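These notes are about the structure you will find just below.
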Amino acid sequence: MNINEFIQEAKRSIILANILPKGEHKIYQNPLFIQYSLTTITHNIKVNIVFDQDEMVISDFFSNETYATIDYKELTYVKVSACERIYSIPHVQQLIVLHLKTKVLDMLIETKDTDYVLYLISAIHKKGIAIDDPYGIVQILLKTIKEEDGYYQYMNEHYREIAKKYDLDLPRISVYRKDAKG
């Protein structure tokens, strides 16, 4: 997939991502392609996002072909949310959702890398970019960061009430964006 195809696909599909600081290497107990249901795997974009204090690099999960390099100053919108997705019946996975926009890209990203997504959000915020967090996800991440699997435990207990209060998918099934145009 070239960059133009990626831009078009990102407008209509949810992106599944491993998020990692530059220079770090993480051995995934459940690699990205195992974390989601088979229907999700066959219909979605899977990427690696590597970041530092100034930019993030988005590349193909399998080939490492770079799709985009985004300087945080290019971001025009950042929203943090959450979703619950079935990864194998009857199990669900609590995920962080990032909605990132630039003048060219509009991406809805799901990840289970709660530790690194918090660092990414912090790096973006330090560049003066406002973070829209209507559900208090950053506060939940900060509150549970010292507990092993703390975010997942918290969300397993509270996601249903959050989803009902804010009309979130329970669970999210589609891999296509609700706000997709065309």
Under the rule rounded for a/c under 1.5, else prolate if a/b exceeds b/c, else oblate, using alpha carbon gyration tensor axes a ≥ b ≥ c, segment 115-157 is classed as oblate
Among the lysines, select those whose C-alpha is under 23 Å from the C-alpha of Lys101, and discard any that sit fewer than 8 residues away in the same chain. Lys11, Lys22, Lys46, Lys73, Lys79, Lys112, Lys126, Lys127, Lys178, Lys181
Long-range amide H partners of Ala82, meaning residues 5 or more apart or on another chain whose placed amide H is closer than 5 Å, are Val97
Row for segment 127-182, column shape: gyration tensor on C-alpha, a ≥ b ≥ c, rounded if a/c < 1.5 i.e. under 1.5, prolate if a/b over b/c, else oblate; value oblate
Out of the DSSP beta bridges found with both residues in segment 3-166, what percent are antiparallel (nearest 5)? 75 percent
Anything in the chain that counts as a DSSP H helix reaching 15 Å or more along its axis (C-alpha) with Kyte-Doolittle mean of at least 0.0? List them, would you? 114-126
Relative contact order computed over the chain (Cα-Cα under 8 Å; 6+ residues apart), in percent: 25 percent
What are the GluC sites (Glu not before Pro) within segment 86-160 that DSSP puts in a loop, where the Cβ has at most 10 other Cβ atoms within 10 Å? Glu148
Rg and Dmax of the chain, Cα atoms only, in Å: 15.4, 43
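Each value in this text was obtained by applying a stated rule to the coordinates, not by laboratory testing. All values derive from a computational prediction rather than experimental measurement. With ideal geometry, Cβ positions are generated from the backbone for all residues, glycine too; neighbour counts draw on all protein chains shown.
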